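The values are calculated or read from the model by the stated rules, or taken from the named source; none is laboratory data. The structure presented is a predicted model; accordingly, all values stated were derived computationally and were not measured. Cβ: placed from backbone, ideal geometry, glycine included. Neighbour counts: every protein chain shown. Remember, those area values only see protein heavy atoms, side chains included, never the ligands or the DNA or RNA. Shrake-Rupley method; radii C 1.70, N 1.55, O 1.52, S 1.80 Å.
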Amino acid sequence: MLIWLFGCFVASYFLNNRELLAPSVIFSGSLLLGCICAFLYRNKWALDLHLNTFLVISLGTLLFVVVSSVVHQYYSYNLDMNLTENVVDPKTISNFKILPIIFVEVVTVLFTIYEIQRITPSNGLSNSIALYRALSISPTNTVDLSLPRILNLMRLFTGAVGYFVGFLFMKDIVYRKKINYLYLVVILLSVVSDLMLGSRGGTMTILIGLFVFLYALYKKKKSWKSENNIKLIFGIVGIAAAVILVFQGFANLLGRNTSEYSFTYYLAIYLGAEIKNLDIFLQTVFPIQNGFFGEQTFMYIWKTISPYIGIDSSILQFDLPFLSVNGYSLGNVYTVFYSYLYDFGYIGVPILVSLMAFISQVFFEKFKRFRLNQGVPISVLVYARIFSALAFSFFSNKFYENMFNFSFFEIIVIWILLNWFLCGKSLIKISWYKD
């Protein structure tokens, strides 16, 4: 499987004209990373890979590569890329527009701190955050962890604006060679707000988004030429190494106790144990005979519509049991394929992988054709989110969880409003790209 996934990764790179951020490159590369880690720990985890696990991962990855390549070829033959438009709008955004946003973010952070300490009082903020996080993922929790509706809206806005302004921040760095510190404050407050609930997911999404924005703007400036890919590859490796080095310490900062794991094993659980977990799942409790249609795959859609169709939302929970082998903890995540198999059996893998590849590649093609003077291009913001979801394919089903989610629709609406408020773009006509 390691050889197979490496072959898919290399093939994807060349099939997409050496574009490092192409969906199939990221998807196959993510699973390749997990496979490398699983291979290194195969003896400790007794990872004697079964044929069905091998076929699910290997053929699922191949199908993603094939579907995305077909979409890429269609766009290559039917749409020309605009490689010459490279003029930056000389107008800058007034500080009087940024300062109110910062004020809202500060209020959001303080409001969140107040609510967290009220719901889970403990000795210190980090302990309250850790307790809130532990209760939020506990299947036996009976404590009401819900936040006020107004706070949820403020938190949604804070996350969306940090992402949005991240593009403007990187645009200034690439084209004006300057750092806008007010933009940086907006981004940092967005990160702080996300960390208040004890999750690192939103922070990782923003950091990955900043990298995607930097890549898109840099490639646009170079007319999407691939001659400097070596520099970009070293840059990606450097960023990944920095994230890995602080990953466990970041967890401790949020009040999580990781002292029982060494640094390397803590990373191994997150990067490679998913393959062993999927293998165990397929040999033991699979196939699943109960649950709602698509419950695990489309969990957040079910949670949104459940009050309107008479379903108690409290019974909608991710079925992710913690596993261990030979005394070694394996965590409770099972790769991107787990929810497809859980909900639909083997037939779910080709259907949902194909749909994911199709959507991802369409948005990537739009992403490459963005215009510099169309405000903040929604296509780039959306693809950065897709990229983040695909990058965690070794981990879990982030694509359908994050993209098929009513909150994501609300975020897009916020981005459109921000384009109007900050960039002066029409609410009615905001181009995704121009042929």
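Structural remarks
- Taken about its Cα centre, the chain carries a charge dipole of about 1560 debye when Lys and Arg each add +1 at the Cβ and Asp and Glu each add -1 at the Cβ.
- Per-residue accessible area (protein heavy atoms, 1.4 Å probe) orders 146, 30 as 146, 30, starting from the largest.
- Legend: residue pairs 171/368; 178/219; 219/366; 97/220; 97/178, Cα-Cα distance threshold 21 Å; pairs beyond threshold, 97/220.
- Heavy-atom accessible surface of the chain, averaged per residue, reaches 47 Å², computed with a 1.4 Å probe.
- Prolate/oblate/rounded call for the chain, Cα gyration tensor, a/c under 1.5 rounded: oblate
- For the chain, the share of accessible area belonging to carbon and sulfur comes to 67 percent (1.4 Å probe, ligands and nucleic acids excluded).
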